[in-house]
Amino acid sequence: MRLSLEINGEDRFSLSDPLTPLVDVLRDEFFLTGAKVVCREGFCGACTVLLDGQPAVSCLVPVGLAAGCKITTVESLARDGVLSPLQRVMEEYDAVQCGMCFPGMLMTLTGFLARARNPSREDIKEALVGNVCRCTGYERIVDAALAAAQATVVEG
């Protein structure tokens, strides 16, 4: 069965079994390795991607259910070598850590900040509940996300 996928704005096709986890198709078939395979149980968030703008743990999403959705991976955030505003503020706040959980956090926050209007620190923490950081560097990540949210409010 041929599956039509829209990944990072490009039309792609997969011949994978529709029950194959989306993260495996992204990594093994399309070499988009930003989504990390860590727990395979959906509780760590390291494999988070956006499906139609909503964060989703791609280890639990069968690729067949992602067909017809807009799939956005961390690889799409920087364009032509220019970091997204969220990535820039994460760098500025020195919030980037080991890289295992970070792509998932970026995707969760990208989806959250696209919808949130003037979120509070607690709102950001709540948005990150499904993303586990083994380095425990949450505070700088939250500080950076709050700064990104405030910059968005100022910039409109």
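Among the residues of segment 54-86, those that are open to solvent by 30 Å² or more (accessible area, probe 1.4 Å) and within 15 Å of the chain's Cα centre (by Cα) comprise Gln54, Pro55, Val57, Leu60, Lys70, Thr72, Glu75, Ala78, Leu83, Pro85. Annotation: of all residues in segment 31-49 being under 12 Å from Leu106 (Cβ atoms) and not hydroxyl-bearing (Ser, Thr, Tyr), the one that is most open to solvent (accessible area, probe 1.4 Å) is Lys36.
May I ask you to list pairs of residues, at least six apart or on different chains, whose Cβ atoms are under 8 Å apart, with the first in segment 25-46 being touching a residue at least 24 places away in the same chain (Cβ under 8 Å) and within 18 Å of Ala78 (Cα to Cα) and the second being outside any loop (DSSP other than H, G, I, E, B) and of a type in the set (Lys, Arg)? Hits for this filter: Ala35/Arg27. When Leu86, Leu19, Leu50, Leu60 are checked against the criterion of being farther than 19 Å from Ala127 by Cα and not β-branched (Val, Ile, Thr), a single residue qualifies: Leu19. With the structure loaded, tell me whether Ala46 is at negative phi, within 12 Å of the chain's Cα centre (by Cα) and assigned to a loop (DSSP other than H, G, I, E, B) or whether it fails that test. Here the answer is yes, as Ala46 does meet what is asked. Here are the criteria: (1) open to solvent by 40 Å² or more (accessible area, probe 1.4 Å); (2) in contact with a strand residue (DSSP E or B) (Cβ under 8 Å, 6 or more places away or on another chain); (3) assigned to a helix (DSSP H, G or I); (4) aliphatic (A, V, I, L, M). Tell me which single one Met107 does not satisfy. The one condition Met107 does not meet is (1).
The values are calculated or read from the model by the stated rules, or taken from the named source; none is laboratory data. This is a predicted model, so every value here is computed, not measured. A quick note on method: Cβ atoms are made from the backbone with ideal geometry, for glycine too, and the neighbour counts reach across all protein chains shown. Keep in mind that these areas ignore ligands, DNA and RNA; they rest on the heavy atoms of the full protein, side chains included. Shrake-Rupley method; radii C 1.70, N 1.55, O 1.52, S 1.80 Å.
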